[in-house]
1. Given R₀ = 30 Å, FRET efficiency for residue 32-residue 123 by Cβ-Cβ distance, to 0.05?
2. For the chain, find the longest principal axis of its Cα atoms and tell me its angle to the long axis of helix 111-126, 0 to 90°, nearest 10.
3. When the accessible area of the stretch 18-127 is split by element with a 1.4 Å probe, what percent falls to carbon and sulfur?
4. Are there any GluC sites (Glu not before Pro) in the stretch 27-121 that are in a DSSP loop and have at most 15 other Cβ atoms within 10 Å? List them by number.
5. For the stretch 14-93, state which trypsin sites (Lys or Arg not before Pro) are in a DSSP loop and have at most 14 other beta carbons lying within 10 Å of their beta carbon.
6. Residues with amide H under 5 Å of residue 88's amide H, sequence separation 5 or more or different chain, H placed in the peptide plane at 1.01 Å from N; which?
7. Could you tell me how many degrees, from 0 to 90 and to the nearest 10, lie between the Cα long axis of helix 47-83 and the main elongation axis, the longest principal axis, of the Cα atoms of the chain?
8. To the nearest 10 degrees, how steep is helix 10-33 against the longest Cα principal axis of the chain, on a 0 to 90 scale?
Amino acid sequence: LDTGGRTMSLERTDGARRLLKRELDAVAARLHAEAEVPKAASPAGDFLDIAQGVQNQELARLNAQRLSERARRLRIALSRVSDGEYGICVECGDSITSKRLVAVPDATTCLACQERLERTRLADCRQ
């Protein structure tokens, strides 16, 4: 695949696609397994039972939301593989290291750009 002057080997592309699909399948399986939100305690229960039930519901919803977002990012990464853009930083256009892609398969930025983005976000939060 031609990636703007840099070529990602077919073997590396296939490996990336397999890794992303495996990750996506695992996320989908977890979403399916954890799909049912726990029921809150009945109003007849004491306050602590009700509070714990509500907390469990919220945790289940947050976890499902996190897994759904992860699945979305993995689908985007699979699309980038198909488009020949996987492994190319969306910020600077440089290659994302294999080590970073193994650690974060859905990464869209190189480490330098990610660190810069996080510093900017942190500075924005402090203002």
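1. Working: r = 40 Å, r/R0 = 1.33.
Once rounded, the FRET efficiency stands at 0.15.
2. 40 degrees
3. Details: 4200 of 7560 Å².
Carbon-and-sulfur percentage of accessible area, whole number: 56.
4. Answer in residue order: 34, 36, 91.
5. Values: sites: 17, 18, 21, 22, 30, 39, 61, 66, 70, 72, 73, 75, 80; in loops: 39.
In loop regions of the stretch 14-93 (DSSP not H, G, I, E or B), the sparsely surrounded trypsin sites (Lys or Arg not before Pro) are 39.
6. 96
7. 20 degrees
8. 10 degrees
The values are calculated or read from the model by the stated rules, or taken from the named source; none is laboratory data. Since the structure is predicted, the reported quantities are computational estimates derived from the model, not experimental observations. Backbone-built Cβ (ideal geometry, glycine too); neighbour counts: all protein chains shown. To get the accessible areas, we keep the full protein, side chains included, count just its heavy atoms, and leave off ligands, DNA and RNA. Shrake-Rupley method; radii C 1.70, N 1.55, O 1.52, S 1.80 Å.
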